[in-house]
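FYI, it's all coordinate maths here, none of it is from the lab. Note that the coordinates shown come from a computational prediction; the quantities given were computed from them, not determined experimentally. Note: ideal-geometry Cβ built from the backbone for every residue, glycine included; neighbour counts use all protein chains shown.
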2 protein chains.
Amino acid sequence: MGSLDDVAARLVDGTIEVIDLTAPLHADTPILALPEPFGQTEPFRLHEISRYDERGPAWYWNNITTGEHTGTHFDAPVHWVTGQDGDDVATVPPSRLVGPAVVLDVTDRVAEDPDFLLEVDDVHAWEAEHGPLPARGWLLYRTGWDARGEDPAAFANADDDGPHTPGISVACARYLAEETELLGLGVETVGTDAGAAAGFDPPFPCHGFLLGAGRYGLTQLRNLGRLPARGAVVVAAPLPIVGGSGSPARVLALVERTS
Amino acid sequence: MGSLDDVAARLVDGTIEVIDLTAPLHADTPILALPEPFGQTEPFRLHEISRYDERGPAWYWNNITTGEHTGTHFDAPVHWVTGQDGDDVATVPPSRLVGPAVVLDVTDRVAEDPDFLLEVDDVHAWEAEHGPLPARGWLLYRTGWDARGEDPAAFANADDDGPHTPGISVACARYLAEETELLGLGVETVGTDAGAAAGFDPPFPCHGFLLGAGRYGLTQLRNLGRLPARGAVVVAAPLPIVGGSGSPARVLALVERTS
Ligand SMILES: [Mn+2]
Ligand SMILES: [Mn+2]
């Protein structure tokens with residue numbers, strides 16, 4: 001019956017494994033760069049307070065500068081104007097931070113086309129093979145983009161036309177928001193929308209439709225290739241910033257060990 | 001057998017409940033204040049980037065200033081000189097971020113004496129009633145101090161002699177580090193050590209012994225009174241700051257719903 005005592009025992013004996021879906025945070029963690037005149041998010045930076053020295057003889061610690069949307073992070077509904085009456089990152093119910101997750105893998109198609117956009121038919125084809133998208137769960141969209149995560153230029157993949165990174169079509173974003181009961185969408189790229197999504201009609205459809213429908217976003221995920229297509233339980237753990245639009249987040253997956 | 005499919009179903013039907021052990025983060029979140037000439041941690045602050053305006057017409061977001069040890073946070077072994085060869089907050093194995101937790105409640109005794117210190121005999125008395133401390137699990141030390149969490153002066157509870165907040169005796173801190181297999185110690189106060197611990201011999205024994213033994217600290221926890229004495233599974237989710245001594249953390253507990 002899935003008692004927590006059993007889960008605790010299986011965590012200790014290793015038959016339930018914890019997989020870290022979070023990108024490490026450091027000064028070179030890729031961040032979104034917007035065109036002028038828009039405001040910009042800060043990169044992640046540490047400012048040393050003391051390191052076993054006269055500023056603190058027995059202790060080492062740092063202060064931090066970052067953005068809410070820096071590194072692996074959680075988008076709350078209020079991040080977008082369509083969700084402005086919805087939850088901020090501190091009012092998202094804790095029950096919605098832990099749930100089942102499925103992985104839809106299009107790595108092969110993105111390798112051929114970095115501007116690849118997921119369509120509704122792709123979702124239906126995945127469901128025909130793996131069953132329905134989970135109610136109150138995450139769709140994790142695997143594109144292989146996490147392999148670029150330590151190379152900001154390759155991660156942004158921009159040319160004179162702007163960034164070329166994979167995403168979701170306008171119709172599919174609307175479908176996920178309006179026709180499913182997902183908690184939200186998790187991606188490997190810098191944001192939930194495709195690199196070209198500023199030019200879509202409407203622009204930034206994942207942000208507009210999903211956050212407007214009270215769903216969440218998770219970005220810059222790693223290690224999705226280590227998850228089964230279905231069966232993982234994901235803990236998405238943003239900081240509870242009062243009034244915050246999002247937060248850097250630790251994202252952990254529990255999976256049945258198969259080997 | 002505690003399968004993850006069962007856990008996912010029980011999260012969805014609500015028979016497993018998610019309890020948030022994290023204090024909300026805002027500009028008045030209490031922080032540690034050290035005497036001169038030591039370096040100081042920053043309070044938590046937001047700096048607005050845009051809010052559906054000319055700086056970002058469809059989006060709201062903020063930059064953040066904080067300390068690694070601000071609000072509910074995770075102490076990694078390298079935070080203390082005794083643990084300087086141990087894990088930083090990014091190298092703590094993910095398997096050690098999810099585990100069983102027990103709650104030892106001394107609220108009544110702290111109400112009579114804010115300088116109350118837990119002794120080894122108190123731990124043994126608790127074990128006689130509730131069973132052994134969990135291997136690879138957390139000891140969560142409930143003192144009632146979380147009721148002061150939105151009042152920084154009451155939370156610090158300082159007079160001319162310094163802060164008066166509850167903690168753990170030198171002998172008990174050594175016992176927990178050397179004679180148990182705990183992941184670490186979680187508290188409701190600003191740090192794992194008592195307010196008077198700068199004057200102990202050795203000073204700051206929870207930091208020195210526990211971090212020196214590769215264990216962790218969790219601070220400023222809330223809602224421990226909603227957990228059973230044993231049976232919760234706790235997810236401690238610090239940000240994976242490369243080289244970091246700790247991190248603000250989201251801390252969530254899974255519990256069997258009893259009502
Ligand atoms: Mn974002
Ligand atoms: Mn600390």
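Among the numbered conditions (1) away from chain A (no Cβ under 14 Å); (2) more than 18 Å from the chain's Cα centre (by Cα), the only one that B:Y141 does not meet is (2). Checked against the criterion of being touching a residue at least 60 places away in the same chain (Cβ under 8 Å) and of a type in the set (G, A, S), the candidates A:G208, A:G199, A:G167 yield just one match: A:G208.
Looking only at residues of region B:43-52 that are surrounded by fewer than 19 Cβ atoms within 10 Å (Cβ to Cβ) and facing chain A (nearest Cβ under 9 Å), we find that the one that is farthest from ligand 2 (Cβ to nearest atom) is B:Y52.
Taking the condition of being more than 8 Å from every other protein chain (Cβ to nearest Cβ) and either within 15 Å of ligand 1 (Cβ to nearest atom) or part of a loop (DSSP other than H, G, I, E, B) (or both), how many residues in region A:7-22 meet it? Result for region A:7-22: 2.
Just to be sure before I move on: is A:T165 part of a loop (DSSP other than H, G, I, E, B) and out of contact with any Cys (no Cβ under 6 Å at 6 or more places or on another chain) in the structure I sent? Judged against the criteria, A:T165 is a match.
A count restricted to region A:199-229 and to residues that are under 18 Å from A:D115 (Cα atoms) and within 16 Å of ligand 1 (Cβ to nearest atom) stands at 7. Does region A:233-242 contain at least one residue that is in a loop (DSSP other than H, G, I, E, B) and within 16 Å of A:Q84 (Cα to Cα)? Looking for residues that are in a loop (DSSP other than H, G, I, E, B) and within 16 Å of A:Q84 (Cα to Cα), one finds at least one in region A:233-242, hence yes. Comparison of B:T70, B:T29, B:T91, B:T82 shows that the only residue that is under 30 Å from A:D6 (Cβ atoms) and either assigned to a helix (DSSP H, G or I) or more than 7 Å from chain A (Cβ to nearest Cβ) (or both) is B:T91. Identify the residue in region A:32-61 that is assigned to a strand (DSSP E or B) and touching a helix residue (DSSP H, G or I) at 6+ places or on another chain (Cβ under 8 Å) and, among all such residues, is nearest to B:P57 (Cα to Cα). Residue satisfying both the conditions and the ranking: A:W61.
Can we say B:E181 is surrounded by fewer than 24 Cβ atoms within 10 Å (Cβ to Cβ) and closer than 25 Å to B:S247 by Cα? Give the derivation first.
Working: surrounded by fewer than 24 Cβ atoms within 10 Å (Cβ to Cβ): yes; closer than 25 Å to B:S247 by Cα: yes.
Judged against the criteria, B:E181 is a match.
When A:L104 is evaluated against the numbered criteria (1) within 14 Å of chain B (Cβ to nearest Cβ); (2) touching a residue at least 24 places away in the same chain (Cβ under 8 Å); (3) of a type in the set (A, V, I, L, M), which criterion, by number, is the only one it fails? (1) is the only condition that A:L104 fails. A:G195 fulfils the conditions (1) farther than 12 Å from A:Y141 by Cβ; (2) within 16 Å of ligand 1 (Cβ to nearest atom); (3) within 14 Å of another protein chain (Cβ to nearest Cβ); (4) buried (at least 18 other Cβ atoms within 10 Å of the Cβ) except for a single criterion, (3). Check whether at least one residue in region A:107-116 is under 27 Å from B:V235 (Cβ atoms), free of Cβ contacts under 8 Å to residues at least 12 places away in the same chain, away from ligand 2 (no atom under 16 Å from the Cβ) and more than 20 Å from the chain's Cα centre (by Cα), and report yes or no. No, that holds for no residue.
Is it the case, given these coordinates, that B:L239 is within 16 Å of ligand 1 (Cβ to nearest atom), over 11 Å from the mean Cα position of the chain (by Cα) and within 12 Å of chain A (Cβ to nearest Cβ)? Step through it out loud before you land on a result.
Working: within 16 Å of ligand 1 (Cβ to nearest atom): yes; over 11 Å from the mean Cα position of the chain (by Cα): yes; within 12 Å of chain A (Cβ to nearest Cβ): yes.
Here the answer is yes, as B:L239 does meet what is asked.
For first residues located in region B:64-79 and more than 18 Å from B:G243 (Cβ to Cβ), partners that are small (G, A, S) and within 16 Å of ligand 1 (Cβ to nearest atom) and lie 6+ apart or on another chain with Cβ distances below 7 Å form the pairs B:I64/A:G67.
When B:V110, B:V106, B:V123, B:V98 are checked against the criterion of being closer than 28 Å to B:I241 by Cβ and of a type in the set (A, V, I, L, M, F, W, C), B:V98 stands alone in meeting it. Applying the set (1) surrounded by fewer than 22 Cβ atoms within 10 Å (Cβ to Cβ); (2) part of a strand (DSSP E or B) to A:R96 leaves exactly one unmet item: (2).
Just for region B:172-222: of the residues that are among the β-branched types (V, I, T) and either within 18 Å of B:V233 (Cα to Cα) or part of a strand (DSSP E or B) (or both), which one is farthest from ligand 2 (Cβ to nearest atom)?
Kept after step one, since they are among the β-branched types (V, I, T), are these residues of region B:172-222: B:180, B:187, B:189-190, B:192, B:219.
From what is left, the residues that are either within 18 Å of B:V233 (Cα to Cα) or part of a strand (DSSP E or B) (or both) are B:187, B:219.
Values: B:V187: 10, B:T219: 6 Å.
Out of the qualifying residues, it is B:V187.
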